[in-house]
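Report on the following structure.
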Amino acid sequence: MPRDFEIFGEGIYTPRQAARLIASTPQEILRWTRGSGPTDPLWNARYQNIDDATELSFLDLIEVRVVRAFRRANISLQSIRYAIEFAKDKLGVAHPLSTLDFKTDGTQILMTALEQDGEYYSLARKNAGQKVFSEIVSQSIKNLEYDNGKAVRWRPHSSNSIVIDPKRLFGAPLLDEYGVSTKTLYDDFYTHQNFNYLSSIYDVPEPVIKNAIDYEKFLEKQQDENGKRII
């Protein structure tokens, strides 16, 4: 694992943790960021050059989230690779899928990449072309907050009380106002089965604790359903 001073403020996620957050699998995460057999990675993850670590940074997490959305839409890895390289050239940044510019130009970037790859027309015959691509892009990067054009926080739950912030708890999901890990609350609830007790020991209102538990249950359900999918 990378040393603390090299990951401070950037977040750190094992392939399994990242997969849980985006409803993927560790195998997919590793395939996209480290390659598989003769297939090169889509990009090299942030920590790969540090002791050959497999962990991902927050920006890596956001990018695999976008890739996951593309794959759900049956966009090939070859087309995604074209999109990433085209976006790097167009936007001039190392992590284009996690930038505000991609949020703005992502639909056109994806369409251009698919045209270059020869995939666009086959997809357009099945779908509504640009409208579908726009929806894919907007859904893959919704609930993100940006600073200087770069994704810095992700609010993954509709309650907005939960945040994934690489500068806090190494990027683990937590209650924004109270700084408590949602996983910690979930594990304690599993042990005690008492919202009132958790509210008193963490000094967090019961409705907020319930939001945290619901979010963790949602992640567990995603993981269970995704585990049944054949990769």
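The values are calculated or read from the model by the stated rules, or taken from the named source; none is laboratory data. For clarity, every value in this text was computed on a predicted model and none was experimentally measured. Note: ideal-geometry Cβ built from the backbone for every residue, glycine included; neighbour counts use all protein chains shown. Just so you know, the surface numbers come from the protein's heavy atoms only, side chains and all, with ligands and any DNA or RNA stripped out. Shrake-Rupley method; radii C 1.70, N 1.55, O 1.52, S 1.80 Å.
Looking for something hydroxyl-bearing (Ser, Thr, Tyr) and open to solvent by less than 50 Å² (accessible area, probe 1.4 Å) - is there at least one such residue anywhere in segment 163-180? Checked against the condition, which is being hydroxyl-bearing (Ser, Thr, Tyr) and open to solvent by less than 50 Å² (accessible area, probe 1.4 Å), segment 163-180 yields no hits at all. Would you confirm, using the coordinates I've provided, whether Lys142 is modelled with pLDDT of 85 or more and in contact with a helix residue (DSSP H, G or I) (Cβ under 8 Å, 6 or more places away or on another chain)? Against the criterion (modelled with pLDDT of 85 or more and in contact with a helix residue (DSSP H, G or I) (Cβ under 8 Å, 6 or more places away or on another chain)), Lys142 does not qualify.
Restricting segment 56-82 to residues that are buried (at least 19 other Cβ atoms within 10 Å of the Cβ), touching a residue at least 40 places away in the same chain (Cβ under 8 Å) and hydroxyl-bearing (Ser, Thr, Tyr), the residue that is farthest from Thr99 (Cα to Cα) is Ser79. Only one of the numbered conditions (1) open to solvent by 60 Å² or more (accessible area, probe 1.4 Å); (2) of a type in the set (S, T, N, Q); (3) within 30 Å of Ile29 (Cβ to Cβ) is not met by Asn194, and that is (3). Taken over segment 174-231, the criterion of being part of a helix (DSSP H, G or I) and among the β-branched types (Val, Ile, Thr) is satisfied by Thr182, Thr184, Thr191, Ile201, Val208, Ile209, Ile213. Which condition from (1) at pLDDT 90 or above; (2) within 24 Å of Pro156 (Cα to Cα); (3) not aliphatic (A, V, I, L, M) is the one that Thr107 breaks? Among (1) at pLDDT 90 or above; (2) within 24 Å of Pro156 (Cα to Cα); (3) not aliphatic (A, V, I, L, M), Thr107 violates only (1).
Only one entry of Ala23, Ala45 meets the criterion of being of a type in the set (Gly, Ala, Ser), under 22 Å from Gln139 (Cβ atoms), surrounded by 15 or more Cβ atoms within 10 Å (Cβ to Cβ) and within 18 Å of the chain's Cα centre (by Cα), and that entry is Ala23. Answer yes or no as to whether Ala53 is over 16 Å from the mean Cα position of the chain (by Cα), touching a residue at least 24 places away in the same chain (Cβ under 8 Å) and in a helix (DSSP H, G or I). Spelling it out, it is not the case that Ala53 is over 16 Å from the mean Cα position of the chain (by Cα), touching a residue at least 24 places away in the same chain (Cβ under 8 Å) and in a helix (DSSP H, G or I).
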